[in-house]
1. Within segment 174-200, which residues are small (Gly, Ala, Ser) and open to solvent by less than 20 Å² (accessible area, probe 1.4 Å)?
2. Cβ-Cβ below 6 Å, separation at least six or inter-chain, first residue in segment 90-107 and closer than 13 Å to residue 128 by Cα, second in a helix (DSSP H, G or I) and not basic (Lys, Arg): which pairs?
3. Among the candidates 112, 106, single out the residue that is among the aromatic types (Phe, Trp, Tyr) and touching a Pro at 6+ places or on another chain (Cβ under 6 Å).
4. Out of everything in segment 230-255 that is in contact with an Asp or Glu (Cβ under 9 Å, 6 or more places away or on another chain) and without any contact (Cβ under 8 Å) to a residue 60 or more places away in the chain, what residue ends up being least open to solvent (accessible area, probe 1.4 Å)?
5. Can you confirm whether residue 65 is out of contact with any Leu (no Cβ under 9 Å at 6 or more places or on another chain), of a type outside the set (A, V, I, L, M) and modelled with pLDDT under 50?
6. Among the residues of segment 135-151 satisfying the criterion of being outside any loop (DSSP other than H, G, I, E, B) and open to solvent by less than 10 Å² (accessible area, probe 1.4 Å), which is nearest to residue 71 (Cα to Cα)?
7. I want to confirm something. Restricting to segment 196-252 and keeping residues that are modelled with pLDDT of 90 or more and among the β-branched types (Val, Ile, Thr), which single residue is farthest from the chain's Cα centre (by Cα)?
8. Failed condition for residue 165, given (1) touching a residue at least 24 places away in the same chain (Cβ under 8 Å); (2) farther than 22 Å from residue 93 by Cβ; (3) surrounded by 18 or more Cβ atoms within 10 Å (Cβ to Cβ), with all others met?
Amino acid sequence: MAAVTSVSFSAISQSSSDRRAFCTVARNLGFEGSRFRSSFSCHYVGVRASNSTSRMVIHCMSTSTDVPPTVADTKLNFLKAYKRPIPSIYNTVLQELIVQQHLMKYKKTYRYDPVFGLGFVTVYDQLMEGYPSDEDREAIFQAYIKALEEDPEQYRIDAKKLEEWARAQTPSSLVDFSSKEGEIEGTLKDIAERVASGNFSYSRFFAVGLFRLLELSNASEPTVLEKLCSALNINKRSVDRDLDVYRGLLSKLVQARELLKEYVDREKKKQEERAESQKASETVTKCLGEPQFVGQ
């Protein structure tokens, strides 16, 4: 990216407080952030002369490389794509997730894979279970993934393929993918190779994707997860830790949905009571007729 003429450095710099806040969030999530690199150069072009004046022409050029969108950019893209209000019980978690996923996405080693996609779809569907509108729930999903500059349809397609494949597996065939041929088996082999070569970005969504595969193949024995992690060259401790976080999130969501349901039920009852009261008043008025005044 290059820009000729004058450049305002305030537009591309961040305040020290913004940088500290970003780094704090990044460290908490295990990501140090992407570096912004820029250069500024000027070079002499020539002299233009006239009867009265002479002018030295200098072109200044600013160039930058590896400039990912900021977290604020991603969140703004989401808000532009989905303009309707989202209940706070859902919106709070969505905002936390989009920050985490933004930081994952712009890691140098990040590359989307179907297991990651399955994990995110699983988390999203669990999070948005019970949302008032099915149409809005899908519209939010579309806006969320597009805000990260990815394809929401790809997420759904890959999640469906993996779920169908996992349902047809047994615990033993699930972990023995390396000896078989097929689209999903090929995907898992590719992941194992990238992990082994250090060119893989592990995340909690990937851990949830693995958990979903185990769940759908009825693999309830802890040793199956251990064998699957070994076949994929994944650190099982990391998976165990992230699955504990995921289960904790689900527990909190269940409690939150119960509170929301109680609130909605109370409000619905109040509305019904107000409607009944209004209807009773109208009935009484109708029975008594309009008040009559007797002149003297």
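The values are calculated or read from the model by the stated rules, or taken from the named source; none is laboratory data. What you see is a predicted model, and the numbers here were worked out from it, not measured in a lab. Don't worry about glycine lacking a Cβ; one is built from the backbone with ideal geometry, like all the others, and counts go over all protein chains shown. To get the accessible areas, we keep the full protein, side chains included, count just its heavy atoms, and leave off ligands, DNA and RNA. Shrake-Rupley method; radii C 1.70, N 1.55, O 1.52, S 1.80 Å.
1. Result: 192, single match.
2. Filtered contacts from segment 90-107: 93/127.
3. Among 112, 106, only 106 is among the aromatic types (Phe, Trp, Tyr) and touching a Pro at 6+ places or on another chain (Cβ under 6 Å).
4. In this case the residue turns out to be 231.
5. no
6. Selected residue: 147.
7. 223
8. Here residue 165 clears every test but (1).
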